1. Within the range B:128-151, can one find any residue that is more than 9 Å from chain A (Cβ to nearest Cβ), more than 23 Å from the chain's Cα centre (by Cα) and open to solvent by 10 Å² or more (accessible area, probe 1.4 Å)?
2. Out of the range B:518-570, which residues are open to solvent by less than 50 Å² (accessible area, probe 1.4 Å), more than 23 Å from B:ASP496 (Cβ to Cβ) and part of a helix (DSSP H, G or I)?
3. For B:LEU191, all conditions in the list (1) open to solvent by 10 Å² or more (accessible area, probe 1.4 Å); (2) touching a residue at least 40 places away in the same chain (Cβ under 8 Å) hold save one; what is the number of the exception?
4. Residue by residue through the range A:388-442, note down the ones that are among the basic types (Lys, Arg) and farther than 22 Å from A:ARG253 by Cβ.
5. When you scan the range A:261-269, do you find a residue that is surrounded by 20 or more Cβ atoms within 10 Å (Cβ to Cβ), of a type in the set (D, E, K, R), within 14 Å of chain B (Cβ to nearest Cβ) and free of Cβ contacts under 8 Å to residues at least 60 places away in the same chain, even just one?
6. Looking at the range B:118-127, which of its residues are open to solvent by 10 Å² or more (accessible area, probe 1.4 Å) and either free of Cβ contacts under 8 Å to residues at least 40 places away in the same chain or more than 7 Å from every other protein chain (Cβ to nearest Cβ) (or both)?
7. Step by step: first the residues of the range A:351-364, then only those that are within 13 Å of A:VAL400 (Cβ to Cβ) and part of a helix (DSSP H, G or I), then the one that is most open to solvent (accessible area, probe 1.4 Å). Which residue is that?
8. Just to check your reading of the model, which residue among A:LYS251, A:LYS222 is away from chain B (no Cβ under 13 Å), more than 23 Å from A:ALA436 (Cβ to Cβ) and not aliphatic (A, V, I, L, M)?
Amino acid sequence: MSNNNCLENLKTDIGDLVEITTKAEADKSSTTYKGNIMPCLKEDVIMIKMSSGYNAGIKKEKIEEIKLLSKGETPKHVKTDLEINKDKKLKNISIISTGGTVASRVDYKTGAVHPAFTADDLIMAVPELLTIANISGKAVMNILSENMLPTYWKEVAEHIEQEVKNGADGIVIAHGTDTMHYTASALQFMVKSNVPIILVGAQRSSDRPSSDAALNLIASTKFATEGLSGVYVLMHGENGDEYCYLHEGVKVRKLHSSRRDAFKSVNAQPVAKMNMLSKNKKTNEKDYKIEYLADERKLKQNIIDKNLNVQINTKLEERVALLKIYPGINSDILKYYADKGYKGIVLEGTGLGHAPETLFEGIKYAISKGLLVAMTTQTINGRVNMNVYSNGVELQKMGVISCEDMNAETALVKMMYLLANYEFKEAKDLMGKNIAGEITEFSVIDLN
Amino acid sequence: MSNSDLNLNLDYKELGLKVGLEIHQQLNTSRKLFCNCPTKIRDDEPHGEIERVLRPSQSEMGQIDKAALIESKKEKNYVYQYYNDTNCLVELDDEPPQGPCEEGVYTAVEVSELMDMHVVDEVQVMRKMVIDGSNTSGFQRTMFISQDGNIETDYGDVRITSLCLEEDACKKVRDEKDKVIYCVDRLGIPLLEITTEPDITTPEMGKEAARRIGTILRATGKAKRGLGTIRQDVNISIKEGARIEVKGVQNLDLIEQIIKNEAIRQIKLNEIKKELIERNAEVKTGTQNIVDVTELFKNTESKVIKSALKKKGVVKAILLKGFDGLIGKEVQPNRRLGTEFSDRGKVIGGVGGLFHTDELPKYGITQEEVDALKEFMGANAETKDAVIIVADRESKAVRALGAVLDRAYEAITIGIPEETRKALEDGNTSYLRPLPGAARMYPETDIPNIPISDEFVENIRNNLPEMPKEKLERFIKEYDLNNDLAKQMVMSYHVDLFEELAKTFKVKPTLIATTIEATVKEIRREGFNIELLKEEHFEQLFECIENGKVSKEAIVDVLKGFVENPYANVDKILEIKGLSAMSEEDVVKEIKSIIKQNIAVVNEKGMGAMGLLMGRCMANLRGKADGKLINKTLQDELKSIVNK
């Protein structure tokens, strides 16, 4: 029919300005829409952006006539190259962007939030960064954190080494929040450095005015100038914007799917707090006050030779699995892993670190095949203790190692690291001992 | 034309007045538009609060919106109060939104159909940038539902441009120096936004069109009622003027005055522009033209300046060549060009007030100081130059005067700047912000598009609510109301209550209607808080009337009783008021006794004593017995005595 013809004959692209007239119906005259063609997921609908700014979708079958008024340009994000002069008084901070919400843009094609920001874009969006440090931006990858792979952790570690060797006084890593604590743990094991390495994310996309991205970036950059050693995660400390927390990379976990303060130190307290809204009384400008909750001198101690400043070891045994225990779990899954050539399994047991008898056979099989089996707890908070109940005693007899108060995710990464770098016996011995701050000696009473 | 006379006889046709309306109506849905919280406004103590900041972000076209930038310059923090049991993380922008409330979409399409509009096939939720903090996210979610409709008024048709369904913003609790406090209870309540074409040509027509749309909204039964549930914005222009958007007209009666005053304002600003051009007036914009004159006011007696200097403030001045005498010229009743300047200074610079040489010496500023200021600034009397000063913190003073320079420049170059203005209670308007541009919308990516099927629309079309006109006819026929009362009832907020009562009780509907409409208003005028009257009060009242427990003369007192004791039942009220109805027997007894007491009069006047005795009877029996019964009994008793 005529409408189909006119649609097929008229070649319209995204961005074109068109005038669409609908077919008249029995009880209704036709109407006219004018606007620029926008991407639409549905084949049978044309979506236009009208001059009011609104989008409206019209079914193709209802269109009587479509007129092309002018060809348009596809809307795109304007990119500007930054020219920034170095300030000798400021420290040099390198922002490494890996993607994620903190570095995200809306994808107008699929309508979803996708990582597309480069580190330069981040600086443009948060110009305050330039008053804190000399910023150099580097977009090393562009992936959502659920797509992270252990091999990407290695890449990030290599970039860190390079940046520090090039004179960076601190590293900020923009990262998706979903798996940020895995990456933080991996870097803590793989990188030994006297400069701070701070992972930062955002829970609300940076294309919205209420995003937590800007404040998190400001706070992490400021902490990166503080001369700390080790790997940290910086995120909001509450769901307002009043303060941010700096967490130890091996002790932090994402504990909420959407809140700004999703990240909490588990079995530990945050090491520092930054007040994001307090103002200097004289200048009336925000002063971003830092309050250390842990021993500041200890945090600022050199952990390797001062002249070297950075040292990395990126060897990982990736054939390690993390398995959550549940009522009714049976031994098949462990046998499967063992037969597939896995080298280690971290169990997320119940309570103090238990697994049902139905799993015993599988555990014995895995251990007999030479796998390292370690126990964490799915209660998230608290320490594993396999001496209290007979079940735990039984597991220890089989050779299951207690991970103490280590996060399950951290234990997984640690096992990958140990199995790649140590003889089995030594790896097994180190699994339950603190090597990088992942296990604490005593259980703190007050948690945040 | 004289400066102060604003009582112009305006010929709106000649002026080319064009007015369009934008009406926002809250919907009384069971849940909010994008979460499952109730649409409940509260005034009890909030359970908690959080403090946030907002930053402008780039839109999909890569531009930053002008209006959004001005807000960000003010660098305020925002505090959001919340209630644990009626708010959730969605309102705090700490959780992605849920799909839109179906009841809201249904009502939007229903109203569209009532106004003969075209509904789109696929609705996309948009984010409209509003970073004055009134939305926790920094944007308002809004959906374009339909376009191209029509309503009829007594003065002619008005075309309806569009209907949008959007979320209401936070309720502003108060404004502080460095922060604004909001409450999220209102955030997310569904709002219908109806925009008309500028087809309105007189103030009266504006009011009539707004009333029409209000009637249609109420016909859905989903319109929230009460103060603040409907807000009207008015777009006004005259032929040689500019488009001005007036925000937040809460009262229907104010619309006429707002339109008239804005027309006057545009005429006056044009006159000023003409005069400025004749005078060769000149304004140099930019902060380099803002001069520090603190030195001149070192020993001033002006309290305002002294206190500013004490707080380490400065005095800054600007020169406006050719503005002398015009800054004090009235553009609206009691508002001058100078008021327009200080509005800008207040909104953009956050300074309380500015002084211009048209009003000086005054406020403790001496003639000597004015002379020194004029000389220092190079103000020339021949070229009629004026000077404006501000005393405040340096950054604020500079920002404010920069904004005044811009506004003064506009007074010469464009006369009437296009802007958004705020409706004031006296029918005037004040500057709010520049007109927003189209760049402030981008898609809400957290919510999939909503298809509107033909079946959905058709189902609504076949079940449209009864419109007031049909209802009027039905009320006259079904309830035997007279035309005036029926009309009143149809327009009443209590129309549903009326129908329910009229159907439930065997009481004359006219009595029910006059009680709900007239009697209630009467007792409000006497100072009774009729907000306290609830449906159940009326149910109890008419039940008692139905079974003769209460006479209709007692209605006023019973209602007053309910206002005074909202939690008491009707029996208690009758007891308190001494209104318990007497049995017929007791009534006869009482009347007989009254006749006996006045037997001398009866003997003398015969039936002529009726009037006097009726007065006596009513004094004793009002509210305890039906007036008709009293009348009849008295007449019968009298007759029997007289006939003897």
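1. yes
2. Listed by number, the residues that qualify are B:ALA554, B:VAL556, B:LYS560, B:GLY561.
3. So the condition that B:LEU191 fails would be (1).
4. Scanning the range A:388-442 gives A:LYS397, A:LYS425, A:LYS428.
5. Yes.
6. B:HIS118, B:VAL119
7. Taking the range A:351-364 and keeping what is within 13 Å of A:VAL400 (Cβ to Cβ), we get A:352-355, A:359-360, A:362-364.
Subset that is part of a helix (DSSP H, G or I): A:359-360, A:362-364.
Numbers: A:LEU359: 0, A:PHE360: 25, A:GLY362: 0, A:ILE363: 0, A:LYS364: 110 Å².
Here the answer is A:LYS364.
8. On the way: A:LYS251 fails: more than 23 Å from A:ALA436 (Cβ to Cβ).
Answer to the selection: A:LYS222.
The values are calculated or read from the model by the stated rules, or taken from the named source; none is laboratory data. Note that the coordinates shown come from a computational prediction; the quantities given were computed from them, not determined experimentally. Methodologically, a virtual Cβ is constructed for each residue, glycine included, from the backbone with ideal geometry; neighbour enumeration extends over all protein chains shown. We work out accessible area using only protein heavy atoms, side chains counted, and drop any ligands, DNA or RNA first. Shrake-Rupley method; radii C 1.70, N 1.55, O 1.52, S 1.80 Å.
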